[in-house]
Each structure stands twice: as structure tokens, then as C-alpha cells.
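In what follows, a single structure is set out as C-alpha cells and then discussed.
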Amino acid sequence: MTNIANKTAFVTGAASGIGLALTKALLARGAKVMMADMNAEGLKAAQAGLNNPENTATVVCDVADAASVQAAAKATIDRFGKAHLIFNNAGVSLAGRPGQIDLKDWHWITDINLMGVVYGCETFIPLIASHGEGGHIINTASMAGHVTTSGMGPYFATKFAVVGYSEALRVELARADIGVSCLCPTWVTTNIHNTSDKSPGAESTGGKNRAKFKTSKPYLAIKELIENGMSPDDYAQLTMTSIEANRLHVFNDPQARQEMINRHEANLADYDACLSDLGMA
């Protein structure tokens, strides 16, 4: 989508972080924005801080609940008439070692990080297609959707799924003039590292696991990287430029580029070895 002006955007996780920064960037380009978030008070405060009631509206939305997303879509159409840009941005993180992760936490992170994206796409794509003006789907994944490390298997699993889903949508929706972009940042100064506080497993232990985790070296290292990461406003501006250029992936970290190369080369090495075993190389 080369022209964002006068278009309507729906943004989840809009009360803070990247979602709020995306809202600001969209308004600066002349778009109208339906801001969606579970945090009603935070959402209200975020909208008030924008001082643009004409071009913004809010709706409380739980992206893990399909009915809630559908109600938010209806509110968007009722308020602005159409929807063009859909930002499936809300997400959470979750750490844990294999064999030690509460299955309720697996459902929790999958329902938000993956199914929240699915519900947004399945609900809004027909609405975009119906007006014939084109549009753009923007799904927030992470560099964690391309490369992995230890300690956050559920997070990597959901983000890899969002990357794959976005790549499939890109092909499927091209003929309908609906573009697709997948946000794949590394470290951005948000509160993502604290979202696991709300997981069922964390709640059921009365804060014991949370307190232990937040004094661990991995958490403190991630906390420092996030606090020294790119500002959400800078990443939001990069996102706007990438939408206008119709880019599929939106990366932001030069240091992570080599990790992408390493993964590609490792995959090719296994590929060639298998072909050799089959006598096809």
C-alpha cells in the first residue's frame, strides 16, 4: 500500500509499546486508527495523550477470543466505515525449559501470539476485500520467528508460526490487492519481557516462579538488551516505510543478519547431505 493517508487502520496492543508507536506513525501519515487493547484504562490514557479524537477510537479487545476480535471489527466499521490496514500486533513472551513448561502456558501463548493473528486475519480480510480498495495485513512476529536460542521454546514456536502464516498469506492475497508484512524486530524498548507475569503458570504459583525468573541471568540479560534497544517510534517509522514499499519482512538489527546467514547455511548443509545419501547430489 503506497498511500496510507485517509485509510483506516486497526491496531491491537495499541495502549503501549510498538502498538502505540504504530498508531502515532499512522496518524502522522493521515490515517484513522481504531486502537484495540485488553487494558481499558491504558487504552483510554493512550488515546487521550494523542489528542486526536477525530481520527482515533478505542475498543477493548482480547485477541485470544475470536468473538472479541469480531466485535472489535464491527466497532471499527461502525466508527470509520471501512478497514484497510490491520496490525495484528498484540503479543506476549514466555520462558521455560522443555519438560518444565505448564501446558496451560503453552495454550496461553499460542492463543495470543498465533491465534490472535489468525482471528485478526480471518475476521478482517473479508472486510478489506469487500470494498475493493486494497489493503495491507501487518503481523507482528519477531527475529525469534527466524532464529532460535535456548530457554524460550514456546515463544519461538509461535513466532515461527506467524512468519510462516504471513508468508503464505502474502501469496494468497496478492491477487486481491492486499499486501502482507511481517514485523521481525530484535530488541525494541517495550514491556514484552514482563508479559509472562500474566501467564496461567505464573499466576498459579503465587509469584514464586516470577520472582525467581526475574533474578536469573537470562532475564537480566534480555532486560538490558530491551532497555537499550531501538525505540518503538523508530521501528514504527521503519514499518510505515516498509508497508509503502510492500516489503514482506521488516528487520531492524544488523547484528542479527549473520544469524540468518548461519541458519540458511546450516539448512543447506543438511539438505545437500540428505540428497547425497539419496544419491541425488
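Bear in mind these aren't lab numbers, they're just calculated from the coordinates by the rules spelled out. Source: prediction; values computed, not measured. Heads up, the Cβs are rebuilt from the backbone with ideal geometry, glycines too, and the neighbour counts pull from every protein chain shown.
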Checklist outcome for this item: So, with points 7 Å from each Cα along the Cβ direction, the LEU27-ASN51 label distance in nm works out to 1.0
Checklist entry - Of VAL117, VAL188, how do they rank once you tally other Cβ atoms within 10 Å and put the fewest first? => result VAL188, VAL117
Checklist outcome for this item: Exposure-ranked with fewest Cβ neighbours within 10 Å first, SER231, SER16 stand as SER231, SER16
Checklist entry - Once whole DSSP H runs in the chain are found, which of them have Cα atoms spread over 24 Å or more along the helix axis and a mean Kyte-Doolittle score of at least -0.5? => result 115-131, 153-173
Checklist entry - Around THR190, with a cut-off of 13 angstrom between Cβ atoms, what is the net charge of the other residues, counting Lys and Arg +1 and Asp and Glu -1? => result -2
Item to check | Cα-Cα pairs of the chain separated by more than 23 Å (percent) | outcome: 54
Next on the checklist: Considering all projection directions equally, how large on average is the shadow of the alpha-carbon convex hull of the range 15-117, in square nanometres?
Outcome noted: 7.1
Next on the checklist: Counting only helical runs of four or more DSSP H residues, what would the 222 nm mean residue ellipticity of the chain come to if each run contributes -39,500 (n - 2.57) and the total is spread over all its residues?
Outcome noted: -16000 deg cm²/dmol
Item to check | Taking ILE125, ILE77 and counting other C-beta atoms within 10 Å, the order from fewest to most | outcome: ILE77, ILE125
Checklist outcome for this item: Inter-part gap, Cα centre of the range 252-271 to Cα centre of the range 1-62, in whole angstrom, is 35
Checklist entry - Hey, rough spin-label estimate for HIS264 and MET280, points 7 angstrom out along Cα→Cβ, what's it come to in nanometres? => result 2.2
Checklist entry - Here are some pairs, LYS32/LYS223; LYS44/LYS74; LYS7/LYS223; which of them have Cα atoms lying more than 29 Å apart in this structure? => result LYS32/LYS223; LYS7/LYS223
